[in-house]
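**Student:** Quick one: structure below, then a few questions.
The values are calculated or read from the model by the stated rules, or taken from the named source; none is laboratory data. Keep in mind the model is a prediction, meaning the values are calculated, not measured. Cβ coordinates were reconstructed from backbone atoms using ideal geometry, including for glycine residues, and neighbour counts include every protein chain displayed.
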Amino acid sequence: MGKIKVALLGFGTVGSGVYEIIQSYQERLDILLGKRVEVSGVLIHDEKKERNINPEILVTSDINQILAIPDLDVVIEAIVGVEPGYTYLSKAIDKGCHIITANKELFAHKGRELKQRASENNVRVSYEASVAGGIPIIGTLRQLLKVNSVVQIEAILNGTSNFILSDIRNTQSSFQDALQSAQDKGYAEADPSNDIDGHDAFYKIVILSELLFGQQPDWESITRKGIRDIALNHISLAESFGFRIKHVASLTYKNKNLKVEVGPKVVSEDHPLYSVEGVDNAIALTGNLVGQLKLQGPGAGKFPTASAIIEDFVTVINGEQQSDPLKGGTLTSISEDSTQTWFVIGNSDDPFEGVTLFEESISDQGKHVTARLIKTNRSELERLTLKNSDLVVYPVASSSSLPIRKAVVTA
Ligand SMILES: NC(=O)c1ccc[n+]([C@@H]2O[C@H](COP(=O)([O-])OP(=O)(O)OC[C@H]3O[C@@H](n4cnc5c(N)ncnc54)[C@H](OP(=O)(O)O)[C@@H]3O)[C@@H](O)[C@H]2O)c1
């Protein structure tokens, strides 16, 4: 039986998961691929760390030793950050290796260059694990894109943020306590900013945009907000209207205009993202023919992420068509100013151009607070919030229905 030689760049949570799956699923891989998969080298940073790796395998911190492995077929990258991964993967492509990556930061920044380089060198590049871990969103979109046009995505793409928001609501705790709980459970890093400030979700939605449209929106045009400012009382007030606050990455395509946003939104009970709790990720997507679909599952973790990589690996080796469909025409990023619905917390009698759909005065921790659903455009909303700096505003996610029940008074 012939061999397929693989190098792993990175042997942390994801890299070690891939290694373990390759060892445990040898027979299945033999059948699927008709060849034996051999991990020939592992690149790490710290050569002194103890690792559970077969002593016959080259373990090194020198990429040149990895790239010198004769007849290396595939390089799987699971390091953190744009560099050194980008340089290493570029060299691997030049050497004629197929590449697979889980690294969303790298792929959001350099995916286009890697795809171009791979095509020039007649090798394949795969990145399923970079968006929503174990959920096969890239494969699903590729499958859908043959005839459907995806016109909207609303997604929870960061499990850490989703866990924190669920935890604040379930345990009536503060943001800080919920963050601590996420750190204690290993869901959040010691420096959690990548997750809770929206960078991670931003990279993922940018990757999906590039897959769908062959272009990324101008990064400056994307609103990116995290969850640091979400307080328990916002969550309770939203709940009293029948809403939950979720951290949503969204992409809307209309008349060759693309709008991408990352930030907290309120969603109603019948919205596909309402019931997504804990560290799960979910993607609600709308295709012009298929309508709305939802994919939900583990967005991170050793085996879910390694599972996405190993499925990519089999696809890459079997030579299945991987090219991303490119949409023609020019795509413009819009900072649209059409009317939308907002959930506004705070007291203000200022008149504004728009409509108040629903308003309740609520006693929140002994203080009288007004929570309102208003319909207006973004520029008018910005004018209103500039005048009243105490107002807290959440957009209402599209396809959320508006409350029919009355808000209840919280103690
Ligand atoms: N963890 C997840 O659930 C998950 C899910 C989806 C995607 N991802 C992505 O997958 C990638 C890896 O994540 P992870 O959680 O596995 O990270 P991790 O546990 O921190 O592991 C990172 C690995 O990269 C190695 N490394 C770091 N700098 C290096 C360098 N300069 N040269 C060579 N090796 C270097 C580290 O070496 P040492 O072992 O020597 O320190 C370690 O083995 C990230 O891009 C992440 O965004 C992770």
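**Student:** Please go through segment 120-149 and give me each residue that is more than 16 Å from the ligand (Cβ to nearest atom) and at pLDDT 95 or above, ordered by number.
**Tutor:** Glu120, Asn121, Asn122, Val123, Arg124, listed by residue number.
**Student:** Within the group Glu20, Glu27, which residue is over 31 Å from the mean Cα position of the chain (by Cα) and outside any loop (DSSP other than H, G, I, E, B)?
**Tutor:** None of the others qualify; the one that does is Glu27.
**Student:** Does Leu141 meet the test of being of a type in the set (A, V, I, L, M), in the same structural domain as Leu212 (by TED's automatic domain parsing), within 19 Å of the chain's Cα centre (by Cα) and not in a strand (DSSP E or B)?
**Tutor:** Considered against the rule, which asks whether it is of a type in the set (A, V, I, L, M), in the same structural domain as Leu212 (by TED's automatic domain parsing), within 19 Å of the chain's Cα centre (by Cα) and not in a strand (DSSP E or B), Leu141 comes out as yes.
**Student:** Do any residues in segment 329-350 that are at pLDDT 90 or above have Cβ atoms under 6 Å from those of residues that are in a loop (DSSP other than H, G, I, E, B), where the two are at least six apart or on different chains, and which pairs are they?
**Tutor:** These pairs meet every condition: Val344/Leu391; Gly346/Asp390; Gly346/Leu391.
**Student:** If we keep just the residues of segment 13-29 that are closer than 25 Å to Lys95 by Cα and not aliphatic (A, V, I, L, M), which is farthest from the ligand (Cβ to nearest atom)?
**Tutor:** Tyr19
**Student:** Does Asp312 satisfy the condition of being more than 17 Å from Leu212 (Cβ to Cβ), within 16 Å of the ligand (Cβ to nearest atom) and either part of a loop (DSSP other than H, G, I, E, B) or touching an Asp or Glu at 6+ places or on another chain (Cβ under 7 Å) (or both)?
**Tutor:** Yes.
**Student:** Of all residues in segment 278-295, count the ones that are closer than 27 Å to Asp184 by Cβ and buried (at least 18 other Cβ atoms within 10 Å of the Cβ).
**Tutor:** Residues flagged as closer than 27 Å to Asp184 by Cβ and buried (at least 18 other Cβ atoms within 10 Å of the Cβ) within segment 278-295 amount to 4.
**Student:** Tell me which helices (runs of 4 or more DSSP H) are completely within segment 153-271 and hold 2 or more residues being surrounded by fewer than 17 Cβ atoms within 10 Å (Cβ to Cβ) and at pLDDT 95 or above, or say none if there are none.
**Tutor:** In segment 153-271, the matching helices (runs of 4 or more DSSP H) lie at 159-171, 175-184.
**Student:** Still on this structure: Filter segment 87-111 down to the residues that are under 24 Å from the mean Cα position of the chain (by Cα) and of a type in the set (A, V, I, L, M, F, W, C), then identify the one that is farthest from the ligand (Cβ to nearest atom).
**Tutor:** Ile99
**Student:** Taking segment 155-208 as the region of interest, how many residues are basic (Lys, Arg) and in contact (Cβ under 8 Å) with a residue 60 or more places away in the chain?
**Tutor:** Residues in segment 155-208 being basic (Lys, Arg) and in contact (Cβ under 8 Å) with a residue 60 or more places away in the chain: 2 in total.
**Student:** Can Ala108 be described as crowded, with 23+ Cβ neighbours inside 10 Å, within 18 Å of Ala7 (Cα to Cα) and not assigned by TED's automatic domain parsing to the domain that holds Asn255?
**Tutor:** No; evaluated as a whole, the condition is false for this residue.
**Student:** Sticking with this one: Is at least one residue of segment 297-309 under 21 Å from Gly133 (Cβ atoms), in a strand (DSSP E or B) and either within 16 Å of the ligand (Cβ to nearest atom) or of a type outside the set (S, T, N, Q) (or both)?
**Tutor:** Yes - at least one qualifying residue is present in segment 297-309.
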